[in-house]
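Remarks on the structure that follows.
Read-outs: derived from the displayed coordinates by stated rules, not from any lab. Everything numeric in this text was worked out from a predicted model, so none of it was measured. Counting neighbours? That spans all protein chains shown, and the Cβs are built from the backbone with ideal geometry, glycine included.
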Amino acid sequence: MAGSYTVYFGPQHPGAPGNIGFKLELEGERVVKAELIPGFLHRGFEKMMENRKWENSYVLSYRFCVEDPDSLEVAYAEALDKVFKVDPPEKAKYFRMIQAEFSRIASHMFWVHFMAGSTGLRTPAYWALVAREEILKWFAWVTGHRVYHDFSVPGGIRGEVPEGFAERTIQLTYLVEDIVKDVEKALLGNRVFKRRTRGVGVIKGDVALKLGATGPVVRGGGLKYDTRKIAPYERYDKVSFEIPVGEVGDSYDRALVRFREVYESLKIIRQAVLEVRRGEPYRVKVPLTAPPGRGYARVEAARGEYTVHVLSAGGRSPYRVRFKSPSLPLLTTVLNYMLENEEVTIADLPVVLASLDPCPPDIDR
Amino acid sequence: MVLSTIVKSIEYMLKRPYTRLVPAKSKPFKTERLRGAHILDMSKCTGCSMCQLVCPANAIDMVEVEGNYPQNPRRRFPRIDLHKCTYCGLCVEYCPFNALYMTSITGFELYTRDKKTTLKTPLELSKGDPSLITVRREMLAVKEVKPGG
């Protein structure tokens, strides 16, 4: 069927990546242009944080990404450490790494569900959710909550780790690894999955980086770009891990990179858990008023690089809080680059969107 | 590869179901540190309204209560709206007199269609079951460490 059409896609469409809409321009079956319609989840987080005090503004810092909240929590805590000019104890730094890495794995396991759903392979997706559930149970055991943990605070971490922390954490890493291996074999080895993803949504790493993308989209295109290696925060310079990269930069490579990343994360957790010992100091007391100055933090989250910029004019509240999310370039510049340079049909669009793994609440905030 | 996936699927099928029927067949998921509904110790609270100041969700306000409380001459105690509460535990952490605790009552146990039932007056808060207490102030309060670790 030839001819030009304009079709609205999302926010209530099952193939759309969350609560976000697109205005698609079609020529026959081919999608020529996708215009993003954001704003369904805007709540004004940055402004809300500026209206709260230093000691309770961090409660809002991670609430706009359900799937990967801990990277944001760690980022804001680190930015505030720089504002208050305190150095958290070593134990807290290693614990924050474990927290962020588990969050990355949980986020990737959730992504398996979107990716598998858009290609029609529902079975391995449910196995992946078992791994995520085990991680959430671990979080509930250590921090007290399952999804939003309130555990990394300015000056360190909020409480002592429970008894038998190292044993249970290492046990969990092996349990998760077993499940992830099963999921990887069933998903990436599947012929249908390969045909749906090979050569779909190709973007090279250096191009993606120029378009503003970071994270697995860049690494899937063969560029070794990872904030944990370029500008190590916490104690990422003390642990050894690899940066997995793809070759072609298509949807399959991005999926492959995400699975490889899970194994590297587990490697980091196994090294860091030995440094978290009970009985050592875990938190430095920070004052109620901050000195004038600024704090800036970059972290590598599951979707790419988060940057947090906190400006303090002295006093009890932050003067300005600014977050830069990795999801916006994925759905604007990167997606339109793909649509211009290859033939993406309307049937392939959910696969491309799922392989980019955006987080719409991040964009709106 | 498809065959091996099918074999794996059958393996997973023979395992026990991962999902649980709550509350019909099993109890809700609890941990030792679960942060849930509050308990107020009215013999310790002095009405300093620190919990109200630190609450990020504005879930706490101070109300006057009938009775004789020697440590609290103005008889002002926190009233907590559990519908607004985000269960961050900051009120417990910042209470200077160790008067607030958190219990493991959370989730659907607090679910209601009538928001008035989750607005807990000080007297209702003080009647909670102390055996369910999970979070105390000493678990969250900062140990005095010099900056630098």
(request) Based on a Kirkwood Rh over C-alpha pairs, give the Stokes-Einstein translational diffusion coefficient of chain B at 4 °C and viscosity 1.567 mPa s in µm²/s. (result) 72 µm²/s
(request) Please work out whether the range B:25-113 counts as rounded, prolate or oblate from its C-alpha gyration tensor, where a ≥ b ≥ c are the square roots of the eigenvalues and a/c under 1.5 means rounded, while otherwise a/b larger than b/c means prolate and anything else oblate? (result) prolate
(message) Can you list residues from other chains, or at least 5 along the same chain, whose modelled amide H is less than 5 Å from the amide H of A:Gly156?
(response) A:Val284
(message) Let me confirm one metric for peptide A:281-287, namely the mean number of other chain beta-carbon atoms within 10 Å of its residues' beta-carbons.
(response) 5
(message) Pairs of alpha-carbon atoms within less than 8 angstrom and 6+ residues apart define the contacts here; what relative contact order does the range B:26-140 have, in percent?
(response) 37 percent
(message) What is the distance in Å between the Cα centroid of the range B:37-79 and that of the range A:173-246?
(response) 51 Å
(request) Mind counting lysine pairs for me in chain B? Cα separation below 24 Å, and the two need to be 8 or more apart along the chain or on different chains. (result) 16
(message) Let me check I've understood the local charge: for A:Val344, count other residues with C-beta under 10 angstrom from its C-beta, Lys and Arg +1, Asp and Glu -1. What total comes out?
(response) -4
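So what's the convex hull volume per residue for the Cα atoms of the protein assembly as shown, in Å³?
163 Å³
Can you tell me the relative contact order of chain A? Whole percent, Cα pairs under 8 Å, sequence separation 6 or more. Don't skip to the end; give the middle numbers.
Working: 728 pairs, mean separation 98.1, N = 365.
Relative contact order comes out at 27 percent.
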(request) Taking each pair of different alpha-carbon atoms in the range A:1-136 once, compute 1/r for the pair, average those values, and report the inverse of that mean as the Kirkwood hydrodynamic radius in Å to one decimal. (result) 18.2 Å
(message) Would you work out the Kirkwood radius for the range A:208-292? I mean one over the mean of 1/r across all pairs of different Cα atoms, in Å.
(response) 15.3 Å
(request) Please identify, among A:Pro154, A:Pro17, A:Pro291, the residue showing maximal mean-square fluctuation in a Gaussian network model of chain A using a 10 angstrom Cα cutoff. (result) A:Pro291
(request) Work out, in µm²/s and without decimals, the Stokes-Einstein translational diffusion coefficient of the range A:184-252 at 37 °C, 0.692 mPa s, Rh from Kirkwood over C-alpha pairs. (result) 247 µm²/s
(message) Angle check, please: helix B:2-14 long axis (alpha carbons) against the longest principal axis of chain B (alpha carbons), in degrees 0 to 90, nearest 10.
(response) 50 degrees
